[in-house]
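What follows is one structure encoded as structure tokens, with my remarks underneath.
The values are calculated or read from the model by the stated rules, or taken from the named source; none is laboratory data. No experiment lies behind these values; they were computed from the predicted model shown. Every residue, glycine as well, gets a Cβ built from its backbone with ideal geometry; the counts of neighbours run over all protein chains shown.
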Amino acid sequence: MQRSYGKRSSRPEARFRLVATVSWLTAAITVLAGCAGATPRGRQAKVCFVRALAQDIELVEVSRTVSADAALVEVVLEELLKGPTPAERHQGLTTFIPEGTVVKSVSIDPDGTVHADFNEALQEGVGGSMRVMGIRRQIQASLLWIPGVTSVILSVEGRTEEILQP
């Protein structure tokens, strides 16, 4: 029996089977390669920034795409501390949270209470009741939309008493 390796079959059905097989194998390899190196899918999160009015502040929710791999309370606080994007700033949004503020720890109790501890920078240079109220409202509103979160307790370096005083 003689085999020919360099010739193409002149039969259309054989050619179709070959093309179909190669296409199927290419698709399978692409899917498997994609699964092995798949990047994490994002999810939507809301963070709140402020628009200062004459005698009050307006909280404005903005949507951010965040990692689906990390805990939602962590990525929301991370996005909040990044502050508004240039486009959001152009729309008049700002943040009352001081630069250099870092989340030291964040946890959520089974009852839905979030405990968020920040470094001392959260309250450095903070003056005025409107600014203090803005910081608290920004953090709380950014966390309270998360399903299951019922309340937020803020602390600075582990202290909950006498923090964020005007």
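Please find, among Ala121, Ala116, the residue that is surrounded by 14 or more Cβ atoms within 10 Å (Cβ to Cβ) and in contact with a Pro (Cβ under 7 Å, 6 or more places away or on another chain). When all the criteria are applied, what remains is Ala121.
Any chance the range 70-82 includes a residue that's over 21 Å from Val126 (Cα atoms), assigned to a strand (DSSP E or B), modelled with pLDDT of 90 or more and among the hydrophobic types (A, V, I, L, M, F, W, C)? No, that holds for no residue.
Scanning the range 53-83 for residues that are of a type in the set (A, V, I, L, M), surrounded by fewer than 17 Cβ atoms within 10 Å (Cβ to Cβ) and in contact with a Gly (Cβ under 7 Å, 6 or more places away or on another chain) gives a single hit, Ala68. The conditions of being closer than 17 Å to Thr94 by Cβ and not in a loop (DSSP other than H, G, I, E, B) are not met by Leu154.
Cβ separations smaller than 8 Å between residues 6+ apart or across chains give no pair from the range 67-78 residues that are outside the structural domain of Gln140 (by TED's automatic domain parsing) to residues that are surrounded by fewer than 20 Cβ atoms within 10 Å (Cβ to Cβ).
Restricting the range 83-107 to residues that are of a type in the set (Gly, Ala, Ser) and assigned to a loop (DSSP other than H, G, I, E, B), the residue that is nearest to the chain's Cα centre (by Cα) is Gly83.
Scanning the range 46-66 for residues that are touching an Asp or Glu at 6+ places or on another chain (Cβ under 9 Å), free of Cβ contacts under 8 Å to residues at least 40 places away in the same chain and within 22 Å of Ile108 (Cα to Cα) yields a total of 2. Is it true that some residue in the range 140-148 is over 19 Å from the mean Cα position of the chain (by Cα) and either exposed (fewer than 12 other Cβ atoms within 10 Å of the Cβ) or touching a residue at least 12 places away in the same chain (Cβ under 8 Å) (or both)? Within the range 140-148, none of the residues are over 19 Å from the mean Cα position of the chain (by Cα) and either exposed (fewer than 12 other Cβ atoms within 10 Å of the Cβ) or touching a residue at least 12 places away in the same chain (Cβ under 8 Å) (or both).
Restricting the first member to the range 97-121 and to residues that are over 16 Å from Arg136 (Cβ atoms), and the second to residues that are among the aliphatic types (A, V, I, L, M) and in a strand (DSSP E or B), the beta-carbon pairs closer than 7 Å and six or more apart or on different chains are Ile108/Val114; Glu120/Val156.
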